[in-house]
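Structure record follows, encoded as C-alpha coordinates.
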Amino acid sequence: QVQLVESGGGLVQPGGSLRLSCAASGFTLNYYTIGWFRQAPGKEREGVSCISRSDGSAYYADSVKGRFTMSRDNAKNTVYLQMNSLKPEDTAVYYCAATNGWYGSRWSDPHRMDYWGKGTPVTVSS
(Lines give C-alpha, C1' and ligand atoms only; values in the text may rest on other atoms or scores of the structure.)
Protein backbone atom coordinates (compact mmCIF):
# COMPACT_ATOMS: atom_id res chain seq x y z
CA GLN A 1 0.00 0.00 0.00
CA VAL A 2 1.16 3.52 -0.76
CA GLN A 3 2.07 5.29 2.45
CA LEU A 4 3.75 8.52 3.47
CA VAL A 5 4.58 8.91 7.14
CA GLU A 6 5.85 12.19 8.56
CA SER A 7 7.79 12.55 11.79
CA GLY A 8 9.93 15.07 13.64
CA GLY A 9 7.38 17.72 14.51
CA GLY A 10 7.11 19.26 17.93
CA LEU A 11 7.50 22.41 19.99
CA VAL A 12 10.47 24.68 19.32
CA GLN A 13 11.40 28.22 20.36
CA PRO A 14 11.65 31.06 17.82
CA GLY A 15 15.03 30.98 16.12
CA GLY A 16 15.37 27.27 16.72
CA SER A 17 15.64 24.40 14.27
CA LEU A 18 13.69 21.28 13.50
CA ARG A 19 14.12 18.45 11.00
CA LEU A 20 11.07 16.74 9.55
CA SER A 21 11.19 13.33 7.89
CA CYS A 22 8.85 11.69 5.41
CA ALA A 23 9.23 7.96 4.90
CA ALA A 24 7.63 6.49 1.79
CA SER A 25 6.51 2.90 1.34
CA GLY A 26 4.67 1.04 -1.40
CA PHE A 27 6.41 3.03 -4.14
CA THR A 28 9.83 4.36 -5.02
CA LEU A 29 9.97 7.98 -4.00
CA ASN A 30 12.77 8.80 -6.43
CA TYR A 31 10.38 8.55 -9.38
CA TYR A 32 7.89 11.01 -7.91
CA THR A 33 7.61 14.70 -7.31
CA ILE A 34 7.62 15.00 -3.53
CA GLY A 35 6.74 18.05 -1.49
CA TRP A 36 6.05 19.54 1.90
CA PHE A 37 2.87 21.47 2.57
CA ARG A 38 1.57 23.12 5.70
CA GLN A 39 -1.74 24.27 7.08
CA ALA A 40 -2.19 26.70 9.94
CA PRO A 41 -5.49 26.99 11.83
CA GLY A 42 -8.08 28.84 9.76
CA LYS A 43 -5.85 29.05 6.71
CA GLU A 44 -5.56 27.23 3.38
CA ARG A 45 -3.01 24.51 2.88
CA GLU A 46 0.07 25.96 1.18
CA GLY A 47 3.17 24.63 -0.51
CA VAL A 48 6.42 24.92 1.44
CA SER A 49 8.95 23.04 -0.65
CA CYS A 50 9.06 20.50 -3.46
CA ILE A 51 11.56 18.37 -5.37
CA SER A 52 10.64 18.00 -9.02
CA ARG A 53 10.57 14.59 -10.67
CA SER A 54 11.33 16.40 -13.92
CA ASP A 55 14.76 17.83 -13.14
CA GLY A 56 15.37 16.99 -9.49
CA SER A 57 15.50 20.65 -8.49
CA ALA A 58 14.16 21.88 -5.18
CA TYR A 59 11.63 24.72 -5.03
CA TYR A 60 10.68 26.84 -2.04
CA ALA A 61 7.96 29.23 -1.03
CA ASP A 62 9.21 32.80 -0.66
CA SER A 63 8.29 32.74 3.02
CA VAL A 64 10.78 29.96 3.81
CA LYS A 65 13.50 30.54 1.21
CA GLY A 66 16.92 30.75 2.84
CA ARG A 67 15.68 29.16 6.06
CA PHE A 68 14.35 25.75 4.98
CA THR A 69 16.17 23.07 3.00
CA MET A 70 14.59 20.00 1.45
CA SER A 71 16.62 16.89 0.69
CA ARG A 72 16.14 13.28 -0.38
CA ASP A 73 17.79 10.03 0.64
CA ASN A 74 17.04 7.51 -2.10
CA ALA A 75 18.55 4.59 -0.18
CA LYS A 76 16.12 5.16 2.68
CA ASN A 77 13.21 6.19 0.42
CA THR A 78 12.88 9.23 2.66
CA VAL A 79 12.77 12.99 2.23
CA TYR A 80 13.60 15.62 4.82
CA LEU A 81 12.83 19.22 5.57
CA GLN A 82 15.48 21.02 7.59
CA MET A 83 13.91 24.09 9.16
CA ASN A 84 16.17 26.77 10.61
CA SER A 85 15.51 30.20 12.09
CA LEU A 86 11.95 29.21 12.84
CA LYS A 87 9.34 31.90 13.34
CA PRO A 88 5.96 31.80 15.10
CA GLU A 89 4.27 32.12 11.70
CA ASP A 90 5.79 28.76 10.74
CA THR A 91 3.42 27.11 13.21
CA ALA A 92 1.26 24.64 11.30
CA VAL A 93 0.62 21.00 10.59
CA TYR A 94 3.19 19.91 8.03
CA TYR A 95 2.25 17.34 5.40
CA CYS A 96 4.30 15.26 3.01
CA ALA A 97 2.75 14.70 -0.42
CA ALA A 98 3.63 13.07 -3.74
CA THR A 99 2.59 12.89 -7.38
CA ASN A 100 4.04 11.21 -10.46
CA GLY A 101 3.59 14.41 -12.44
CA TRP A 102 5.17 17.85 -12.44
CA TYR A 103 3.33 21.14 -12.82
CA GLY A 104 6.12 23.67 -12.92
CA SER A 105 5.21 26.96 -11.32
CA ARG A 106 2.03 25.41 -9.97
CA TRP A 107 3.91 22.99 -7.71
CA SER A 108 2.63 24.78 -4.61
CA ASP A 109 -1.01 23.94 -5.41
CA PRO A 110 -1.97 21.10 -3.04
CA HIS A 111 -4.68 19.94 -5.46
CA ARG A 112 -1.97 18.67 -7.81
CA MET A 113 -0.74 16.08 -5.31
CA ASP A 114 -2.04 12.50 -5.33
CA TYR A 115 -0.74 10.96 -2.10
CA TRP A 116 -0.70 12.49 1.36
CA GLY A 117 0.66 11.71 4.77
CA LYS A 118 -1.34 12.42 7.91
CA GLY A 119 0.83 15.34 8.95
CA THR A 120 3.07 16.26 11.85
CA PRO A 121 2.42 19.39 13.94
CA VAL A 122 5.04 22.08 14.38
CA THR A 123 4.62 24.78 17.01
CA VAL A 124 7.04 27.69 17.22
CA SER A 125 6.55 29.55 20.48
CA SER A 126 8.50 30.91 23.42
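The values are calculated or read from the model by the stated rules, or taken from the named source; none is laboratory data. Values in this document were obtained by computation on a predicted structure and should not be read as measured data. Reconstructed Cβ throughout: ideal geometry from the backbone, glycine too, with neighbour counts over all protein chains shown. Areas reflect the complete protein model, heavy atoms only, side chains present, ligands, DNA and RNA absent. Shrake-Rupley method; radii C 1.70, N 1.55, O 1.52, S 1.80 Å.
Taking every protein chain into account, the accessible area of segment 1-52 amounts to 50 square angstrom per residue (probe 1.4 Å). For the chain, which whole-number percentage of the solvent-accessible area (1.4 Å probe, protein heavy atoms only) is attributable to carbon and sulfur atoms? Whole-percent figure for carbon plus sulfur exposure: 43. Remark on the chain: Rg and Dmax equal 13.4, 40 Å (Cα only).
Would you mind calculating the gained length between residue 1 and residue 58 on full extension (0.36 nm times residue separation, minus the Cα-Cα distance), in nm to one decimal?
The residue 1-residue 58 span can extend by a further 17.9 nm.
How high is the FRET efficiency between residue 89 and residue 28 when r is their beta carbon distance and R₀ equals 35 Å, given to the nearest 0.05? E(calc), rounded to 0.05, equals 0.50. Which FRET efficiency value, to the nearest 0.05, do you get for residue 105 and residue 44 by plugging their Cβ-Cβ distance into 1/(1 + (r/R0)^6) with R0 = 22 Å? In this case the efficiency is close to 0.80.
Between residue 65 and residue 125, the FRET efficiency estimated from the beta carbon spacing at R0 = 25 angstrom works out to 0.65.
In the context of the full protein assembly, residue 114 retains an accessible surface of approximately 90 Å², using a probe radius of 1.4 Å and ignoring ligands and nucleic acids.
Here the Karplus relation 6.51 cos²θ - 1.76 cosθ + 1.60, evaluated at θ = phi - 60°, turns the backbone of segment 98-113 into coupling constants of 9, 8, 8, x, 8, 10, x, 5, 8, 4, 7, 7, x, 5, 7, 8 Hz, with x for every Gly and Pro. Within the chain, 50 have no other Cys Cβ under 4.7 Å of their Cβ and so lack a disulfide-compatible partner by this rule. The alpha-carbon of residue 118 sits under 12 angstrom from the alpha-carbons of these aspartates and glutamates, leaving out residues fewer than 8 places away in its chain: 6. Note on the chain: GNM, Cα springs under 10 Å; of 105, 52, 71, the largest mean-square fluctuation is that of 105. Listed values for segment 41-48 are Karplus-derived 3J(HN,Hα) couplings in whole Hz (6.51 cos²θ - 1.76 cosθ + 1.60, θ = phi - 60°), namely x, x, 10, 6, 5, 10, x, 10, and x replaces Gly and Pro.
With the chain treated as a Gaussian network of Cα nodes joined by springs under 10 Å, which of 76, 43, 65 yields the largest mean-square fluctuation? In the Gaussian network model the winner is 43. Taking the chain as a Gaussian network of alpha-carbon nodes connected by springs under 10 Å, the highest mean-square fluctuation of the residues 49, 57, 21 belongs to 57.
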